[in-house]
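What follows is one structure encoded as structure tokens, with my remarks underneath.
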Amino acid sequence: MTVTRTQAGKTPKKTSRPGYVETPGTFGKSRTRKSVIPVYDDSSDASPSQDEETSTRAESHKLSTNGSANGHLVEKATSFLNSHTKREANGSINGSAKKEVNGYLTNGINGHVNVRSKLIDGWEPGTDPRIDTSGHFEFGGTPGVAAIMTVFPLLMYYMWIGATYYDGKLPLPKEGEAFSDFLRSLLQMAYIGAWPSAKAWAMYWAFFVFEGALYCLMPGIWTKGKPLAHANGLRLDYYCSGMWSWWTTIVLALGLHFTGIFKLYEIIDEFGPLMSVAIISGFGVSIVAYISAIYRGKQHRMTGSTLYDFFMGAELNPRMFGILDFKMFFEVRLPWYILFLITTGTAARQYERYGYVSGEIGLLLLAHFLYANACSKGEECIVTTWDMYYEKWGFMLIFWNLAGVPLTYIHCTLYLANHHPSTYSWNKYALAALYVAYLFVYWVWDTTNSQKNRFRAKDSGGAITRKAFPQLPWQTVDNPKIITSENGDTILADGWCKCSIDVTLRAVC
């Protein structure tokens, strides 16, 4: 009778048979699965197979049959990471060891390590800076930028038609008017009122070339840009002549107006044609910039999508004559000077017609003057901004600086230019309060940007202090409190930034 464990409470003894020789079997072998972290020589071209399995089984014998795997796996994973990734392995590695070392360690039967370097200004160290390896797309990728490049120029015409032919109201079909007839009427208005005339081409490009000459010829200072990681920390030299270019532009514009050579209100009279010239120029310059960068081999962070790369730009730092930086030139002199000159032309037209300039026009003139003046007097602070050191010179920067900014931000001026002052007159006390409020907001905005950008400049060793008009109190924060980011960069956490991280945007809005 055979006695079971259940019956006897113990394992029965094996029956002994003298002279019997047992045939060897496989049931006595240790059965272990392949190691969760394969160990093999990366320098070998052959894939891990038999040698790996042998090594794996040998390793598995070191484990106890119940498998105290946690501590052993941690030890193995640490050794593996040190020898293969040269990374510090911190974290928990249990049965499905998962580790973050600027990437991740995935564990399984075919376990592997996928380590990715940290991106620096959109560039992955060790890779070709001409290729974008981030896989990230702005604005919805190719479909998004295609929509922007199509819709925004049409929106500019639509807004101009509303300001010019619809008394500042939204252009909509009349009652009973077919939509096709409505579209046809819009096209006719644009064709008649915004045809890019020869005069408009001459006005626009004469100004363009003149400002380019001032950039190179006016007195200025040199400053250093932010270190470029992909170029081994290279810091480009930037020539800042904005302050003298700005005042020269004002003096010459007033001289042309008062001598009768060129009346400033002709800018208002030619607004439609000038807008068309600016739109065409935006596309044209963008095409030339893109083709030129590819022809000269100056591509940077290219995704491989032609339309998307055209929108974002191909070249990071386009320059001419060793002094004219196109991004710096387009950033200040073209959009904000045009904006100011249009408002100045509106004030000149109003004075000629009525013998005075309304308080409302005066407020806009003050606002546009202070903004353009701030950009000019603090031009050396611009070199540390996102547009200068990160964004490429493509349609986004070119079109909006040539057309989008100066000819859409100006619609408040267009409305006042097309109406008698009595139709928009404010209470004088309310208007005076608005002047005071604006000056306070301007001070906050100007000094916030000054504090932020001078902090950046000092942090990179390129701080320059200039005595440009107007000198405002609290432009610089001495010994500021800072926040150190994970990648070692420092962030200003003092001055106006201590009050609100987005105080600049709140001030502008």
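The values are calculated or read from the model by the stated rules, or taken from the named source; none is laboratory data. Fair warning: this is a prediction, and the values are worked out from it, not measured in the lab. Note: ideal-geometry Cβ built from the backbone for every residue, glycine included; neighbour counts use all protein chains shown.
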Next item on the list: Count, please, the residues in the stretch 370-384 that happen to be out of contact with any Leu (no Cβ under 9 Å at 6 or more places or on another chain) and part of a helix (DSSP H, G or I).
Entry: 10
Notebook entry, point to check: Going by the conditions given, is Ile279 more than 30 Å from His411 (Cβ to Cβ), assigned to a helix (DSSP H, G or I), modelled with pLDDT of 95 or more and not small (Gly, Ala, Ser)?
Noted result: no
Note to self: Within the stretch 204-226, does at least one residue satisfy the condition of being closer than 30 Å to Cys381 by Cα, in contact with a Pro (Cβ under 9 Å, 6 or more places away or on another chain) and among the basic types (Lys, Arg)?
What the structure shows: no
Note to self: Just to be sure I understand the filter: pairs with C-beta atoms under 7 Å, separated by 6 or more residues or on different chains, first member in the stretch 424-451 and not assigned by TED's automatic domain parsing to the domain that holds Thr413, second member at pLDDT 95 or above and outside any helix (DSSP H, G or I). Which pairs pass?
What the structure shows: none
Next item on the list: Say whether the condition of being at pLDDT 95 or above and surrounded by 21 or more Cβ atoms within 10 Å (Cβ to Cβ) is met by at least one residue in the stretch 417-437.
Entry: yes
Next item on the list: Can you tell me which residue among Ser376, Ser286, Ser292 is exposed (fewer than 15 other Cβ atoms within 10 Å of the Cβ) and of a type in the set (Gly, Ala, Ser)?
Entry: Ser292
